[in-house]
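> I'd like to ask some things about the structure below.
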Amino acid sequence: ATFSVTEGARGLEASINRMCEAAETAVREGTKVLVISDRRTGTEHIPVPSVMAAGAIHQYLVKKMLRSQCAIAVECGDAREVHHFCLLTGFGADAICPYMAFETVQHLIKKQTKKALTVDQAIESYRKSVNAGMLKVFAKMGISTLASYKGAQIF
């Protein structure tokens, strides 16, 4: 989910439109899991904000009555905090892979001189913390299941 630097703001809109159309085609052809990724980011490509990409594809597929036929997985560098995960889930993401957060945790653990945790333990701790934080947000809103929150856009 990126667009060219040279395209500017129009490139963002065009990229979202392309993603939505590609998602529709993929689902109609039988794809069960759509993966939105911003890993192609670089000096020439700007990432589409993951919440914007996931929300646009989710709403597009809802309008086309195709949303229930697939899952949306988001591989992104901009999800770090509980709030980011809640937004992505609220805008329709079924799975989130915060690769940049995982890489940051890995870097911090490797940089430590006293290693209290392994990289795997630290990443698992991060995942558990995010899950607990999301459950706390749901509870404050009176929501008891992830399914009730996913795609609801009730912020």
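> Which one, LEU135, LEU108, LEU87, has the greatest fluctuation when you compute a Gaussian network model over the chain with C-alpha springs under 10 angstrom?
Largest GNM mean-square fluctuation: LEU108.
> Something else now. Could you list which residues have their amide H under 5 Å from that of LYS64, counting only those 5 or more apart in sequence or on another chain, with H placed in the peptide plane?
none
> What are the ³J(HN,Hα) values, in whole Hz, obtained from phi via the Karplus relation 6.51 cos²θ - 1.76 cosθ + 1.60 with θ = phi - 60°, for each residue of the range 128-139 in sequence order, with x given for Gly and Pro?
Residue by residue, the range 128-139 yields 5, 5, 5, 4, 4, x, 5, 4, 5, 4, 4, 4 Hz.
> Name the longest site-free stretch of the chain, where the excluded sites are trypsin sites (Lys or Arg not before Pro) in a DSSP loop with no more than 15 other beta-carbon atoms within 10 Å.
With trypsin sites (Lys or Arg not before Pro) excluded where exposed in loops, the chain gives 116-155 as its longest stretch.
> Specify the residue with the greatest mean-square fluctuation among ALA54, ALA14, ALA95, computed from a Gaussian network of the chain linking alpha-carbon atoms under 10 Å apart.
Evaluated over the chain, the most mobile residue of the options is ALA14.
> Here's another thing I want to ask about it. Residues with amide H under 5 Å of CYS97's amide H, sequence separation 5 or more or different chain, H placed in the peptide plane at 1.01 Å from N; which?
Amide H neighbours of CYS97: VAL74, GLU75, CYS76.
> For the range 71-155, what % of the accessible area comes from carbon and sulfur atoms, probe 1.4 Å?
It is 59 percent, rounded to a whole number.
> Only helical DSSP H runs with n ≥ 4 go in: add -39500 (n - 2.57) per run for the chain, normalise by residue count and round the 222 nm mean residue ellipticity to 500 deg cm²/dmol.
Value at 222 nm, helices only, nearest 500: -17500 deg cm²/dmol.
> Are there GluC sites (Glu not before Pro) in the range 57-126 that DSSP marks as loop and that have at most 14 other Cβ atoms within 10 Å, and which are they?
GLU81
> Pick the calculated Cα extents along the principal axes in Å for this structure from (1) 52, 43, 28; (2) 62, 40, 22; (3) 42, 37, 33?
Looking at Cα extents along the principal axes in Å for this model, the match is (1).
> Here's another thing I want to ask about it. Cα to Cα, under 19 Å, and not fewer than 8 places away if on the same chain: which lysines meet these conditions relative to LYS32?
LYS63, LYS64, LYS150
The values are calculated or read from the model by the stated rules, or taken from the named source; none is laboratory data. Bear in mind that the values here come from a model prediction, so they are computed numbers and not experimental data. Positions of Cβ are backbone-derived with ideal geometry, glycine not excepted, and every protein chain shown enters the neighbour counts. For accessibility, only protein heavy atoms count, side chains too; no ligands or nucleic acids. Shrake-Rupley method; radii C 1.70, N 1.55, O 1.52, S 1.80 Å.
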